[in-house]
Amino acid sequence: MGRWSRPLAEEFVRWLDLLPGGHWLDVGTGTGALAAAIWKLTEPASVVGCDPSAAFIDSARRGLTDPRVTFVVAGAGALPRREGGYDAVVSGLALNFFPDPAQAMRAQLCLLRPGGVVGALVWDYAEGMEFLRHFWDAAAAIEPGAAEMDEGKRFRICHPEALDQLLTTAGAERVRVDSLSLPTVFSSFDDYWQPFLGGTGPAPALVESLSGEQYKALVTELKRRLPVKDSGTIELEARAWAVAGERP
């Protein structure tokens with residue numbers, strides 16, 4: 001899903017619509033997609049991106065070398081502080097992977113200056129990620145046990161009501177939730193299917209576990225379900241939920 005993370009990060013930053021010149025903390029920065037969007041679109045005074053993965057941080061550092069942007073190895077339980085607080089603390093496509101999202105949100109609010117903004121972006125795994133929805137529906141049709149691995153069932157936090165409650169309960173004010181969508185166009189079935197063969201993530205892990213006959217059945221079922229145009233392209237849509245609130 002990495003090919004969609006950067007354009008989505010830019011949509012999220014535009015949606016936040018914060019004043020230029022702010023100090024930002026990007027929690028769970030990964031390889032730096034959201035930090036790069038903040039740098040590109042907001043003329044920040046500073047951006048700190050943190051992630052528990054040293055490999056991700058190394059990659060982020062190589063990709064963005066502006067002196068206003070720094071990357072540090074740190075997890076949700078040991079976030080870097082800033083004297084005077086941050087203007088914005090955000091996370092992109094990471095909140096549902098935090099061990100305790102409620103605790104993480106409270107900690108992020110504490111890092112803000114009064115009036116600062118906390119925000120998060122998550123995929124709508126249950127309904128809005130069409131390329132994943134087709135996969136899991138096809139997988140469940142040929143192997144009922146696959147439904148237990150479906151992110152739409154596992155990540156209950158990735159719903160607008162749950163996100164609103166999460167920030168409100170943490171103490172944020174003026175909470176808002178909105179959907180962000182972008183097209184996900186695949187040039188062919190192979191273009192769609194290749195990322196599922198990487199072995200990393202729930203869907204690729206399921207593919208790797210299938211027998212030869214199950215594998216063939218899954219491919220056949222997917223080809224039956226996917227809206228393939230005469231040209232061979234597959235035009236789908238991916239939806240995410242954006243949430244933001246202010247520190248009192």
Going through segment 103-132 in order, the residues found to be in contact with a helix residue (DSSP H, G or I) (Cβ under 6 Å, 6 or more places away or on another chain) and over 11 Å from residue 172 (Cα atoms) are 120, 121, 122, 125, 126
Do you know which of the residues in segment 73-93 that are crowded, with 16+ Cβ neighbours inside 10 Å and more than 21 Å from residue 18 (Cα to Cα) is modelled with the lowest pLDDT? 76
Determine whether segment 124-141 contains at least one residue that is among the hydroxyl-bearing types (Ser, Thr, Tyr), surrounded by fewer than 18 Cβ atoms within 10 Å (Cβ to Cβ) and touching a residue at least 24 places away in the same chain (Cβ under 8 Å). no
Looking at (1) surrounded by fewer than 12 Cβ atoms within 10 Å (Cβ to Cβ); (2) under 30 Å from residue 114 (Cα atoms); (3) acidic (Asp, Glu), find the lone condition where residue 213 falls short. (2)
If you scan segment 2-56, which residues turn out to be of a type in the set (Asp, Glu) and in contact with a Phe, Trp or Tyr (Cβ under 8 Å, 6 or more places away or on another chain)? 51
Tell me, which helices (runs of 4 or more DSSP H) wholly within segment 159-248 include 3 or more residues that are at pLDDT 95 or above? 160-170, 189-193, 212-225
Looking at 53, 46, which is the one that is modelled with pLDDT of 95 or more, out of contact with any Cys (no Cβ under 9 Å at 6 or more places or on another chain) and more than 25 Å from residue 246 (Cβ to Cβ)? 53
Single residue of 162, 147 found to be without any contact (Cβ under 8 Å) to a residue 12 or more places away in the chain, open to solvent by less than 70 Å² (accessible area, probe 1.4 Å) and within 18 Å of the chain's Cα centre (by Cα): 162
Which ones in segment 1-23 are of a type in the set (Gly, Ala, Ser), without any contact (Cβ under 8 Å) to a residue 40 or more places away in the chain and either surrounded by 15 or more Cβ atoms within 10 Å (Cβ to Cβ) or under 16 Å from residue 87 (Cα atoms) (or both)? 21
Of the residues 208, 235, which single one is of a type outside the set (Gly, Ala, Ser), open to solvent by 80 Å² or more (accessible area, probe 1.4 Å) and more than 30 Å from residue 16 (Cα to Cα)? 208
Residue among 70, 65, 31 that is among the polar types (S, T, N, Q) and within 20 Å of the chain's Cα centre (by Cα): 31
In segment 184-205, the residues that are touching a strand residue (DSSP E or B) at 6+ places or on another chain (Cβ under 6 Å) and open to solvent by 30 Å² or more (accessible area, probe 1.4 Å): 185
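The values are calculated or read from the model by the stated rules, or taken from the named source; none is laboratory data. Note that the structure is predicted; figures quoted are calculated from it, not measured. Note that we place each Cβ from the backbone using ideal geometry, even for glycine, and neighbour counts take in every protein chain shown. Side chains included, ligands, DNA and RNA excluded: accessible areas come from the protein's heavy atoms. Shrake-Rupley method; radii C 1.70, N 1.55, O 1.52, S 1.80 Å.
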